[in-house]
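Taking it in order: structure first as structure tokens, then the write-up.
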Amino acid sequence: MKKIVALIFTAALMLGLGSINASAQNAEEAQVDSTLIGKDIFKIMPSTGEATVTVHQSKEVERAFNTAVKEKGKTINGYRVRIYFDNKQGAREASQAAMASFKAKYPGIAAYKTFSSPFHKVTVGNFRTKSEALKLLNAIKYEFPSSFIVKEKIDYPAVSN
């Protein structure tokens, strides 16, 4: 009985040492050149003017890109910043003025005017995360003090972004 236990213990010990050796070999193969850590490799590389770059990509990347292009015009859940929300008399003109003012100051950000009876609303931006919308809210808070973040369906992000 003692010989069987000793034999099992010896076999387990040998298997353990074998796996330690295999782990050590994998760690050696995966090492990073420590002289490049924290350095900008584009500044290190010699610049000769023109260069040729060849990219080999898998079919999965091409398929994903084509799928994203097909998604144009679709919507996803996201966030926008509402800069105007009112139902008073003259709200239509005031909403148009708020939208025009925003577009003049921030021409690269999309603006949307909607009417849900009895409210006229102007929302701006297409943000996938609330933190992105919060950045815009903080930037425009003084110009549009009643602005706030809303969760809405947003336009599917463009591939070029």
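The values are calculated or read from the model by the stated rules, or taken from the named source; none is laboratory data. For clarity, every value in this text was computed on a predicted model and none was experimentally measured. Positions of Cβ are generated from backbone atoms using ideal geometry, with glycine treated the same way; all protein chains shown enter the neighbour counts. The accessibility values were calculated without ligands, DNA or RNA, using every heavy atom of the protein model including side chains. Shrake-Rupley method; radii C 1.70, N 1.55, O 1.52, S 1.80 Å.
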Of all residues in segment 127-151, which are without any contact (Cβ under 8 Å) to a residue 12 or more places away in the chain, assigned to a loop (DSSP other than H, G, I, E, B) and open to solvent by less than 90 Å² (accessible area, probe 1.4 Å)?
-> Lys141
Number of the exception - His120 against (1) open to solvent by 70 Å² or more (accessible area, probe 1.4 Å); (2) of a type outside the set (Gly, Ala, Ser); (3) outside any loop (DSSP other than H, G, I, E, B) | (1)
If you go through segment 57-65 one residue at a time, do you hit one that is surrounded by 10 or more Cβ atoms within 10 Å (Cβ to Cβ), within 28 Å of Ala110 (Cα to Cα) and modelled with pLDDT under 70?
-> no
When residues of segment 94-117 are filtered for being farther than 17 Å from Asn77 by Cβ, under 19 Å from the mean Cα position of the chain (by Cα) and surrounded by 13 or more Cβ atoms within 10 Å (Cβ to Cβ), how many remain?
-> 1
